[in-house]
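Structure, as structure tokens:
The values are calculated or read from the model by the stated rules, or taken from the named source; none is laboratory data. Here the structure is a predicted model, which is why all the values come from computation and not from measurement. Positions of Cβ are generated from backbone atoms using ideal geometry, with glycine treated the same way; all protein chains shown enter the neighbour counts.
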Amino acid sequence: DTGVSQDPRHKITKRGQNVTFRCDPISEHNRLYWYRQTLGQGPEFLTYFQNEAQLEKSRLLSDRFSAERPKGSFSTLEIQRTEQGDSAMYLCASSPTWETQYFGPGTRLLVL
Amino acid sequence: GDSVTQMEGPVTLSEEAFLTINCTYTATGYPSLFWYVQYPGEGLQLLLKATKADDKGSNKGFEATYRKETTSFHLEKGSVQVSDSAVYFCALSDPQGGSEKLVFGKGTKLTVNP
């Protein structure tokens, strides 16, 4: 399978804990995006990388959130001091150009 | 900012019925428009897209026309199948306006009964 992969697929954590998610894009896609989707809503943009440079961050991305793409390949999204409001599906997408984004299966986070 | 408004669901149809899911947008620039589909238990998939006014995107019997005058991109299919049951999202991207992000509507859940 050469699609976008995300790990883990599910994460349950207690409030106040830190969590980290990983996204592996389609090989040679230089663009990588993170979105968050809550129940009954469409995905909301969090941040975007072109190669290793983080080019755009949403106001949704509070100081507790940090994303990296150190070598321009895989990316990590870390949430520090999780809150119940962070419970959501976290989606990663990659793209060779801006026109078509290919989405991974997502990581479902539940904060207790 | 840019936004997308789509028809509230859920929508329930019988097999072979005609489908329309309305989508309108607000954008400061000249966005590209997309329909994504999420089948049960699967990730988002691009269904079709249109990058300029009057373009028609089509795929798997679905089609949508970019109407700049009405700022709309309605999704249509002439004869739906049970396998079309999914959640459909309208989205826009406006890179010329300075951002490559996708802005999504809330999604419309479609159920097709045999």
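The condition (being in contact with a strand residue (DSSP E or B) (Cβ under 9 Å, 6 or more places away or on another chain), closer than 16 Å to B:GLY43 by Cβ and more than 9 Å from every other protein chain (Cβ to nearest Cβ)) is satisfied by just one residue among A:LEU110, A:LEU32: A:LEU32.
When the stretch A:39-90 is filtered for residues that are under 30 Å from B:LYS109 (Cα atoms), over 12 Å from the mean Cα position of the chain (by Cα) and acidic (Asp, Glu), the ones remaining, listed by number, are A:GLU83, A:ASP86. Here B:LYS56, B:LYS68, B:LYS49 are screened, and the one residue that is modelled with pLDDT of 95 or more and away from chain A (no Cβ under 14 Å) is B:LYS56. B:ALA64 satisfies every condition listed in (1) over 12 Å from the mean Cα position of the chain (by Cα); (2) crowded, with 21+ Cβ neighbours inside 10 Å except (1). Scanning the stretch B:94-109 for residues that are within 7 Å of another protein chain (Cβ to nearest Cβ), farther than 19 Å from B:TYR39 by Cα and of a type in the set (D, E, K, R) yields B:GLU100, B:LYS101.
Just so you know, in the stretch B:1-13 the residues that are part of a strand (DSSP E or B) and surrounded by 14 or more Cβ atoms within 10 Å (Cβ to Cβ) include one that is nearest to the chain's Cα centre (by Cα), and it is B:GLN6.
Right, B:LYS101: free of Cβ contacts under 8 Å to residues at least 12 places away in the same chain, within 29 Å of A:VAL4 (Cα to Cα) and surrounded by 21 or more Cβ atoms within 10 Å (Cβ to Cβ) or not? Considered against the rule, which asks whether it is free of Cβ contacts under 8 Å to residues at least 12 places away in the same chain, within 29 Å of A:VAL4 (Cα to Cα) and surrounded by 21 or more Cβ atoms within 10 Å (Cβ to Cβ), B:LYS101 comes out as yes. Apart from one condition, B:SER85 fits all of (1) within 25 Å of A:ARG9 (Cα to Cα); (2) among the small types (Gly, Ala, Ser); (3) within 13 Å of chain A (Cβ to nearest Cβ); the exception is (3).
Residues of the stretch B:14-56 that are in a strand (DSSP E or B), more than 10 Å from the chain's Cα centre (by Cα) and free of Cβ contacts under 8 Å to residues at least 24 places away in the same chain: B:GLN45, B:ALA50, B:LYS56. Elements of the type strands (runs of 3 or more DSSP E) sitting completely within the stretch A:1-73 and holding at least 2 residues that are in contact (Cβ under 8 Å) with a residue 12 or more places away in the chain and crowded, with 20+ Cβ neighbours inside 10 Å: these cover A:19-24, A:31-37, A:44-50.
Hey, can you tell me all the residues within the stretch B:58-72 that are in contact with a strand residue (DSSP E or B) (Cβ under 9 Å, 6 or more places away or on another chain) and assigned to a loop (DSSP other than H, G, I, E, B)? Hits for the stretch B:58-72 are B:LYS60, B:GLY61, B:TYR66, B:THR70, B:THR71. Residues of the stretch B:87-102 that are over 13 Å from A:TYR48 (Cβ atoms), in a strand (DSSP E or B) and of a type outside the set (Phe, Trp, Tyr): B:VAL87, B:CYS90, B:ALA91, B:LEU92, B:ASP94.
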